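Any read-out appearing in this document is the output of simple, stated calculations on the displayed coordinates, not a laboratory observation. Bear in mind that the values here come from a model prediction, so they are computed numbers and not experimental data. Here the Cβ positions follow ideal geometry from the backbone for every residue, glycine too, while neighbour counts run over all protein chains shown.
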Amino acid sequence: MLNQKSLDRMAGVDPRLVAVIGAAAAICPLQFIVTEGVRSWDRQKMLFEAGKSQTMNSQHCKGRAVDIAVMIDGKADWTFANYRTVAQAVKAAALQLNVPVEWGGDWATFKDGPHFQLKGA
Ligand SMILES: [Zn+2]
């Protein structure tokens, strides 16, 4: 189950993606929290200039992306394999709800394990 803070952080995010992330949390063997949903253009510019984002065309700014953090023993864990486990749950939930979702960990050039976004325009 997602905690209240995670739900709050998805305020303004496309409800289809919120539904997928919620359903994924219910079936995922690992616990995760949502760390970011909608992002302002100012914050995106700051992350881009700091090299922490690869694009100024971020789906976060359009309410079409969320970032998550895997929690193990109450602490954020950044082991990539654990994000693959979450991605499997997200993909299963996306398929069930018929919402096309893309995982940043599948990107060829810049693997973004914590990132999930709606596919297409
Ligand atoms: Zn992201």
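Structure data summary
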quantity: Estimated FRET transfer efficiency when R0 is 35 angstrom, pair Lys52-Gln4 (beta carbons, to 0.05); calculated: 0.85
quantity: Dipole of the chain, positive direction: furthest Cα of Ala23, Val90, Trp41, with charges on the beta-carbon; calculated: Trp41
quantity: Computed magnitude of the charge dipole of region 4-118 (debye, nearest 20; Cβ of K, R +1, Cβ of D, E -1); calculated: 120
quantity: The chain: equivalent-ellipsoid semi-axes (sqrt of 5 x gyration tensor eigenvalues, Cα, Å); calculated: 21, 16, 15
quantity: Whole-angstrom gap from region 18-86 to region 99-114, using each part's C-alpha centre; calculated: 11
quantity: At least 20 Å along the helix axis (C-alpha) and Kyte average at least 0.0, DSSP helices within the chain; calculated: 80-97
quantity: Exposure proxy ranking, count of Cβ atoms within 10 Å, fewest first, for Asp112, Asp73; calculated: Asp73, Asp112
quantity: Normalised contact order of the chain, rounded percent, pairs of Cα under 8 Å and 6 or more residues apart; calculated: 27
